[in-house]
Amino acid sequence: MASGSARQLIVLRHAKSAWPDGVPDHDRPLAGRGRRDAPAAGRWLAESGHVPDRVLCSTAQRARETWELAEAELGTHPKTVYEDRVYGATAAELLDLAHEMPESVRTLMLVGHDPAMQELTLELASPTQRADALERVAFKFPTEAIAVLAFGDKWSALGPGHAELASFVTP
């Protein structure tokens, strides 16, 4: 699929989080490194032209903080939904959320957690393209990593192997 594909799914794993004692997983904030690094994700998205028009972000504190810091660097404010179903989701559940998108959405971003971010990227990416990037995704999907998956069909038709892994970066 060419980079001019009709739709993009951007998968962003939250930035580095802290592990404070006695804080439930859902409420863990970003670590200092995460707060410093998260804006770079927004700058990369803006500079590379991968700006979402809809964002589904996990309700977990570290994901919300990551998105808010990244969004501040975009120069625009996409419609953002803090979605309970992203937190703790499986790759299949994230794909179900993408299937729910209206056709007016051209670029959807999911801001969430591993292992689902890695598994979704590996499931959707065509195994015949960008073998080097797929190998890097399979090896590790680090905090603040961004995968851009391009495809030409409707959201409801997105499925295994139907997308091109256009980019995989850790800004």
Take the residues in the range 120-132 that are in contact with a strand residue (DSSP E or B) (Cβ under 9 Å, 6 or more places away or on another chain) and of a type in the set (Ser, Thr, Tyr), then tell me which one is surrounded by the fewest Cβ atoms within 10 Å (Cβ to Cβ). Ser126
Search result, residues across the range 138-169 that are in contact with a helix residue (DSSP H, G or I) (Cβ under 9 Å, 6 or more places away or on another chain), surrounded by fewer than 18 Cβ atoms within 10 Å (Cβ to Cβ), farther than 19 Å from Glu100 by Cβ and free of Cβ contacts under 8 Å to residues at least 60 places away in the same chain: Ala138, Lys140, Gly161
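Tell me, yes or no, whether the range 99-119 has at least one residue that is within 14 Å of the chain's Cα centre (by Cα), open to solvent by 30 Å² or more (accessible area, probe 1.4 Å) and of a type in the set (D, E, K, R). Write out each step before concluding.
First, pick out the residues of the range 99-119 that are within 14 Å of the chain's Cα centre (by Cα): 107-119.
Then drop every residue that is not open to solvent by 30 Å² or more (accessible area, probe 1.4 Å), which leaves 114-115, 118-119.
The next check asks that each one be of a type in the set (D, E, K, R); those that pass are 114, 119.
Yes: the range 99-119 contains one or more residues that are within 14 Å of the chain's Cα centre (by Cα), open to solvent by 30 Å² or more (accessible area, probe 1.4 Å) and of a type in the set (D, E, K, R).
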Can you list the strands (runs of 3 or more DSSP E) lying wholly within the range 85-171 that have 1 or more residues being more than 19 Å from Thr66 (Cα to Cα)? 146-151, 164-169
Scanning for something under 20 Å from Leu95 (Cα atoms), of a type in the set (D, E, K, R) and either in a helix (DSSP H, G or I) or at pLDDT 95 or above (or both), does the range 4-14 turn up at least one residue? yes
Number of positions in the range 112-133 that are of a type in the set (A, V, I, L, M, F, W, C) and out of contact with any helix residue (DSSP H, G or I) (no Cβ under 7 Å at 6 or more places or on another chain): 4
Residue pairs qualifying under the 7 Å Cβ cut-off, at least six apart or on distinct chains, with the first in the range 43-57 being closer than 14 Å to Arg13 by Cα and the second being open to solvent by 10 Å² or more (accessible area, probe 1.4 Å) and among the hydroxyl-bearing types (Ser, Thr, Tyr), are Val55/Thr80; Cys57/Thr80; Cys57/Tyr82
For Glu135, which of the numbered conditions (1) open to solvent by 30 Å² or more (accessible area, probe 1.4 Å); (2) under 18 Å from His50 (Cα atoms) fails to hold? (2)
Could you tell me whether any residue of the range 35-44 is farther than 22 Å from Glu123 by Cβ and either in a loop (DSSP other than H, G, I, E, B) or of a type in the set (S, T, N, Q) (or both)? no
Among the residues that make up the range 58-75, is at least one of them within 19 Å of Asp25 (Cβ to Cβ), touching a residue at least 12 places away in the same chain (Cβ under 8 Å), of a type in the set (S, T, N, Q) and assigned to a loop (DSSP other than H, G, I, E, B)? yes
Among the numbered criteria (1) out of contact with any Lys or Arg (no Cβ under 8 Å at 6 or more places or on another chain); (2) closer than 24 Å to Ala40 by Cα, which one does Ala91 miss? (2)
For Trp44, state whether it is of a type in the set (Phe, Trp, Tyr) and farther than 23 Å from Glu164 by Cβ. no
Between a first residue in the range 5-16 that is charged (D, E, K, R) and a second residue that is open to solvent by 10 Å² or more (accessible area, probe 1.4 Å), which pairs have beta carbons less than 6 Å apart while being 6 or more apart in sequence or on different chains? Arg7/Arg106; Arg13/Asp114; Arg13/Thr143; Lys16/Ala31; Lys16/Arg33; Lys16/Thr143
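The values are calculated or read from the model by the stated rules, or taken from the named source; none is laboratory data. Computed from a predicted model, the values in this text were never measured in an experiment. Every residue, glycine among them, receives a Cβ derived from its backbone with ideal geometry; neighbour counts consider all protein chains shown. Accessible surface areas use protein heavy atoms only, side chains included; no ligands, DNA or RNA. Shrake-Rupley method; radii C 1.70, N 1.55, O 1.52, S 1.80 Å.
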